[in-house]
Each structure stands twice: as structure tokens, then as C-alpha cells.
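The values are calculated or read from the model by the stated rules, or taken from the named source; none is laboratory data. Here the structure is a predicted model, which is why all the values come from computation and not from measurement. With ideal geometry, Cβ positions are generated from the backbone for all residues, glycine too; neighbour counts draw on all protein chains shown.
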């Protein structure tokens, strides 16, 4: 069910033309910085993939992909991508990209089961990136290093926005705070996962929550993850499980935590089998992607996605993602958003 947050005394700081200019400048500047920080080359990505190959991202395992039949291929079924988590790793292998280098692309997706609101849309646009890594770097230290480099690009981009629009001063802290999801649970044992995120993001401004997908001490994961891309099983040196996480910032307009990126060190063959077994999806090991990984044909990698519209929404202090991107919204939401000063594109 859709839900609209109406920020108190909300007033857009930029008009429509300024907003469009800001979106372009943010996207151009950030992707150049991301490419430089992680040594990524841009590649062209698919909007859809063949069904039954295991290439599409299953997200939490319950979302249905939009699909259609291909007339000129005997009615074979194609699926609109949810994300490119596994496609990118296949591409790293097929392109023969060297260790320490990677790729990024503009990912556009349709998520028909999304609960619509200020932060969630049917249309998803993000920078998907993936980098070849060494086996010795499958550890928490390396994960944090990559997060810090991405966050540095975010901080620089925020200052660019301030130079363009002096009415929008920077608010991101100079450094991001790291915390494991189990530590977060122990700190706020009586709160839900989203309430815990709100508390920690409000306290620090920007935070990376480590360990998403594996069960915590309360028997539940902090959030869901498909078992076949992020490694949420391997124990790090602090004793906690998980070599992945979510990057969140405090959104002062909505007064809540806002996820900007999800990323992690990817599964190797051993971890893939373990996570498929844990999640009851062992039959997936026979699919195309999984067979290539198990046969040693794909490189070890780290990767993730960074929301383009969300990033722009945060930088430009917008109250609704529909002020950044064109999508479909319930008419009631459109009407209420208009009255609240948030006209949706």
C-alpha cells in the first residue's frame, strides 16, 4: 500500500528548470568521480534478460519480474531486470577485466511490486558497478576501503551542488560511520530494523550498516538479500557475519534514514553453495550464472548499486522521488503531494 510522508512546512528550494539542471550536473559529476575512484569503465547494459538463466536479481525472493514473450525467438520469455548484480560479474569475466579494475553502467529497472512512496517508485535508476578483486582482499578492511572511496565521491558531489545552489549548504559529515547490523540490534533491541536505521542515521549523518541478509541473534536478518551475489555468510575479523552492507544518510527533509547504496563482496563458489542451502534454493545451482561461477569461470568481485534519483533527491533537498523522475503514481498521492508542495513529474 502506498504511503506519503508530508514534510512539515515543505518548500522546494529549486524550480523545475533549476532542478533539471541540478540533476544533470550531479549525474555527470558523480559518475566521473565514481569511475576515477574505483577505476571503472562504462559499459552498455541490458534492460531485460532471458528468464530461467539465473542472471536476474531476485532481490528478497518474493518480487515478480515484469516479463514478456519474444515473438521472433519462438515465444521465449524475457524479464525486465530488477538489478544487474549477476550480469555485471558475467561481463567482468567475458571482457577479461584485470584485477583492481571494473565497470559501471546506467541500470534502469521496473519493480512492479514496489510499495510506492516518497522514496520508492516503480522505476528504478541506479549506477550499477562491479570490480575484480583478489582473494586476499575478501575481508572487512577492503570492504570499508571501497565504501570510503565511494563516500568521498558523494561528499565532493555535495560541495558541487553547494557551488551551484548556495541555498543548499552541505550537511554530510566528512567521514562515514561503520556499524554491524548485530551491533545495531544490540544498541536498539526494542526497535524494528527501520527504526534502528533511523536512530543511527540521525546520530551520525551517514552510516554504513554491515551484514545484510544473514540471521542475527534475534533469528531474523536486518534486511533481505538474494543468496547468490552478496556474501552475508563469511565471518570477518570482528566475529560477525557478512561482507556486505547498506549506505544510509539522514534525510533532513523527510526526517528519516535514506538508503543510497547497497553493495558487498560477492560470493565465491563455497559461499554460494552455503547460502543457497541456507535459503532453501539449492536448485538454482544448475542455472547458467551459477554453473559458470561454480566452474571457476567468473572472477572474484565486489560491487553494488547507487540510486541516481535518490542521490539527486537528497542533494537537492526534495521531499519526493517523483520530483526527480517521471513515473506512475496513484492519483490520490499525486493530489496530496501537490497540496504538500511536492508536484510529481
query = If you go through the range 101-137 one residue at a time, how many are in a loop (DSSP other than H, G, I, E, B) and either in contact with a strand residue (DSSP E or B) (Cβ under 7 Å, 6 or more places away or on another chain) or within 21 Å of residue 322 (Cα to Cα) (or both)?
reply = 13
inquiry  = Taking the criterion of being farther than 21 Å from residue 123 by Cα, touching a strand residue (DSSP E or B) at 6+ places or on another chain (Cβ under 8 Å), touching a residue at least 24 places away in the same chain (Cβ under 8 Å) and in a strand (DSSP E or B), would at least one residue in the range 292-301 satisfy it?
reply    = yes
remark   = Only unsatisfied item for residue 161, checking (1) surrounded by fewer than 20 Cβ atoms within 10 Å (Cβ to Cβ); (2) farther than 30 Å from residue 301 by Cα, is (1)
query = Looking at 125, 135, which one is on the phi < 0 side of the Ramachandran plot and out of contact with any helix residue (DSSP H, G or I) (no Cβ under 9 Å at 6 or more places or on another chain)?
reply = 135
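Here is a yes/no grid of residues against (1) free of Cβ contacts under 8 Å to residues at least 40 places away in the same chain; (2) under 21 Å from the mean Cα position of the chain (by Cα):
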position: 167; (1), (2): no, no
position: 173; (1), (2): yes, yes
position: 176; (1), (2): no, yes
position: 187; (1), (2): yes, no
position: 195; (1), (2): yes, yes
position: 201; (1), (2): no, yes
position: 206; (1), (2): no, yes
position: 209; (1), (2): yes, yes
position: 212; (1), (2): no, yes
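To keep it simple, each residue is scored yes or no on (1) modelled with pLDDT of 95 or more; (2) surrounded by fewer than 22 Cβ atoms within 10 Å (Cβ to Cβ).
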| site | (1), (2) |
| --- | --- |
| 175 | yes, yes |
| 182 | yes, yes |
| 190 | yes, yes |
| 210 | yes, no |
| 229 | no, no |
| 239 | no, yes |
| 250 | yes, no |
message = Suppose the filter is out of contact with any helix residue (DSSP H, G or I) (no Cβ under 6 Å at 6 or more places or on another chain), on the phi < 0 side of the Ramachandran plot and either crowded, with 22+ Cβ neighbours inside 10 Å or in a loop (DSSP other than H, G, I, E, B) (or both); does residue 271 pass it?
response = no
ask   = Is there a residue in the range 190-202 that is assigned to a loop (DSSP other than H, G, I, E, B), within 26 Å of residue 57 (Cβ to Cβ) and touching a strand residue (DSSP E or B) at 6+ places or on another chain (Cβ under 6 Å)?
value = no
query = Could you count how many residues in the range 318-345 are buried (at least 23 other Cβ atoms within 10 Å of the Cβ) and under 20 Å from residue 170 (Cβ atoms)?
reply = 2
query = In the range 27-57, what residues are surrounded by 14 or more Cβ atoms within 10 Å (Cβ to Cβ), touching a helix residue (DSSP H, G or I) at 6+ places or on another chain (Cβ under 9 Å) and modelled with pLDDT under 95?
reply = 45, 46, 49, 50, 53, 54, 55, 56, 57
